[in-house]
Amino acid sequence: MRSTIEHLFRPLTLALLLLLPVVLPAADEGSATEAGAQRELIDRIIAIVEDDVVTWRELMQRLDRVERQLREKGIALPDLPSLRRQVLSRLVLERLELQLAKRLGIRIDDLTLDRQMERLARANNLSLEAFRDKIVAEGIDYAAFREEVRRELALQALYKRMVDRNVRVSDREVDDLIASQSRNLFKDTEFHIRHILVAVPEQATPEQVRKAREKAERLLEELRQGADFARLAARESDGRYALQGGDMGWRPLARLPQIFVRPLSLLKVGETSDIIRSPAGFHIIRLEDKRGGQQAWVEQNHARHILIKTSALTSDADARATLESLKARIEGGDDFARLARAYSDDTGSAIEGGDLGWATPGTFVPEFEEVLKKLRPGEISEPFKSQYGWHIVQLLERRRVDNTVDMLRSRARQLLYERKREEQLREWQRRLLDEAHIEYLDPALAPDEED
């Protein structure tokens, strides 16, 4: 079985390996075995960090843990002096960050800490008691471990305030990343598309270009209003497939014009592109279907609900009774939408008759999802409680849809966010170090210039 420590902080954002991101030199033969003999038992101050200090004992404790983790991961140990310097550098940075967190009033109370310990235990498929026993069995002081978790939570809160809130990922950046990888992402996928071309003659005058664009914009607006693409293509398109309703058939990306690759990689089945400009004129494409490749199908639910919130004037029993009465009225022929507009405390959906639109799994809170999953189309649930109050929900329709583009967008956004966050975190940490008073009392432990 893997050591608990290896994956115990997986739910946390910063690995407790706590090494600076630099390349370590390979270990000399026997460097690890000599480490114990080189470590002094006498405690002493080795670094001054603003109005705090780091001691030799702290360095040795952190060094022991880092060495253990490196061995567990099968990573060769660096030479001892280099490892000491890097671990000390990380301790100094951590001390600065914790000082700032304290000045900003960031505190992790015992209740928050207890909840995090329970989450860590669940992540290891253990009860909290068994989790504690396992940590102790691995030679780790549990009280010290709790305090380490408390510090890590404080650092997370600090990063969220100082760094995370400044990280922005635009839709354009997400689209650009997907488009740049589209040849790889869709290399085994075939697309069935329709096409409309509003041609522009060679050596066209600005007036001819303007009129062509206006025509393309008019056609796109008609399509957005529900016009039949095939009929419009047959009547208006200047493309070679006009008389086939613009149908270009099934094609891989490699057999499509390069200008179609970006918009096509971002379209869902049934969607129509914006206007695409090329030397030939203005294009509009519609993705009819796709096949092959890796597709992510999800089951979507279309539902509506009525929410009654509890308050000092409305108890749980009152809310439930109200919903039972409303359900009976609906089953007796009363209109769900009318009652939702009149009674629901969910102001966002009430105006739409309680309609929640099409939703993928994970959109709603777990209690709501669980009830919705068990309903058949047209069926109304019994009253149930969530964190928002009491509900009744009616499942209107259920469908399977290709969610590949949404999945890709979500992954691309997360990748870009993590990349930007890491860059901004490192820059913020560099400024923090540059502006701080730090004094290394042992020259052998001072970081190298390139660190």
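The values are calculated or read from the model by the stated rules, or taken from the named source; none is laboratory data. All figures in this text were calculated on a predicted structure; none of them were measured in a lab. In this analysis, Cβ positions are derived from the backbone assuming ideal geometry, glycine residues included, and neighbour counts consider all displayed protein chains.
Taken over the stretch 293-309, the criterion of being of a type outside the set (A, V, I, L, M) and modelled with pLDDT of 95 or more is satisfied by ASN301, HIS302, ARG304, HIS305, LYS309. Across the stretch 161-220, the number of residues qualifying as within 24 Å of PHE282 (Cα to Cα) and of a type in the set (Ser, Thr, Tyr) comes to 3.
Checked against the criterion of being touching a residue at least 12 places away in the same chain (Cβ under 8 Å), within 15 Å of ALA340 (Cα to Cα) and among the small types (Gly, Ala, Ser), the candidates GLY378, GLY353 yield just one match: GLY353. Checking each residue in the stretch 402-425 for being part of a helix (DSSP H, G or I) and under 14 Å from LEU267 (Cα atoms) picks out THR404, VAL405, ASP406, MET407, LEU408, ARG409. Can you find a residue that is touching a Lys or Arg at 6+ places or on another chain (Cβ under 7 Å) and of a type in the set (Ser, Thr, Tyr) anywhere in the stretch 205-217? For the stretch 205-217, residues touching a Lys or Arg at 6+ places or on another chain (Cβ under 7 Å) and of a type in the set (Ser, Thr, Tyr): absent. On inspection, ALA233 fails the criterion of being in a helix (DSSP H, G or I), within 30 Å of ALA296 (Cβ to Cβ), in contact (Cβ under 8 Å) with a residue 60 or more places away in the chain and not basic (Lys, Arg). Could we say that ARG146 is touching a residue at least 40 places away in the same chain (Cβ under 8 Å) and either assigned to a loop (DSSP other than H, G, I, E, B) or of a type in the set (Lys, Arg) (or both) here? No: the conditions fail for ARG146. Test GLY348 against the stated conditions and say whether it is touching a residue at least 12 places away in the same chain (Cβ under 8 Å) and surrounded by fewer than 17 Cβ atoms within 10 Å (Cβ to Cβ). Criteria not met by GLY348.
From ILE193, ILE178, which residue is buried (at least 16 other Cβ atoms within 10 Å of the Cβ) and assigned by TED's automatic domain parsing to the domain that holds ARG218? So the residue among ILE193, ILE178 that is buried (at least 16 other Cβ atoms within 10 Å of the Cβ) and assigned by TED's automatic domain parsing to the domain that holds ARG218 is ILE193.
A Cβ distance below 9 Å, combined with a sequence gap of six or more or placement on separate chains, defines the contacts here; from the stretch 302-316, residues that are free of Cβ contacts under 8 Å to residues at least 12 places away in the same chain reach residues that are among the aliphatic types (A, V, I, L, M) and surrounded by 24 or more Cβ atoms within 10 Å (Cβ to Cβ) in the pairs THR314/ILE308.
Tell me yes or no: at least one residue of the stretch 253-268 is at pLDDT below 95, part of a loop (DSSP other than H, G, I, E, B), more than 36 Å from the chain's Cα centre (by Cα) and more than 26 Å from ALA296 (Cβ to Cβ). No, the stretch 253-268 contains no residue that is at pLDDT below 95, part of a loop (DSSP other than H, G, I, E, B), more than 36 Å from the chain's Cα centre (by Cα) and more than 26 Å from ALA296 (Cβ to Cβ).
On the basis of being basic (Lys, Arg) and surrounded by fewer than 16 Cβ atoms within 10 Å (Cβ to Cβ), does ARG161 make the cut? Yes; evaluated as a whole, the condition is true for this residue.
Within the stretch 290-319, the residues that satisfy the criterion of being out of contact with any helix residue (DSSP H, G or I) (no Cβ under 6 Å at 6 or more places or on another chain) and farther than 27 Å from THR360 by Cα are SER311, ALA312, LEU313, THR314, SER315, ASP316, ALA317, ASP318, ALA319. How about the stretch 381-418: which of its residues are without any contact (Cβ under 8 Å) to a residue 40 or more places away in the chain, polar (S, T, N, Q) and within 30 Å of LYS327 (Cα to Cα)? Answer for the stretch 381-418, where residues must be without any contact (Cβ under 8 Å) to a residue 40 or more places away in the chain, polar (S, T, N, Q) and within 30 Å of LYS327 (Cα to Cα): SER381, SER386, GLN387.
Within the stretch 103-131, the residues that satisfy the criterion of being in contact (Cβ under 8 Å) with a residue 12 or more places away in the chain and either of a type outside the set (A, V, I, L, M) or surrounded by fewer than 12 Cβ atoms within 10 Å (Cβ to Cβ) (or both) are ARG107, THR112, GLN116, ARG119, ASN124, PHE131. Among the conditions (1) buried (at least 16 other Cβ atoms within 10 Å of the Cβ); (2) modelled with pLDDT under 95, the only one that MET407 does not satisfy is (1). Checked against the criterion of being polar (S, T, N, Q) and closer than 20 Å to PHE186 by Cβ, the candidates GLN208, GLN258, GLN225, GLN203 yield just one match: GLN258.
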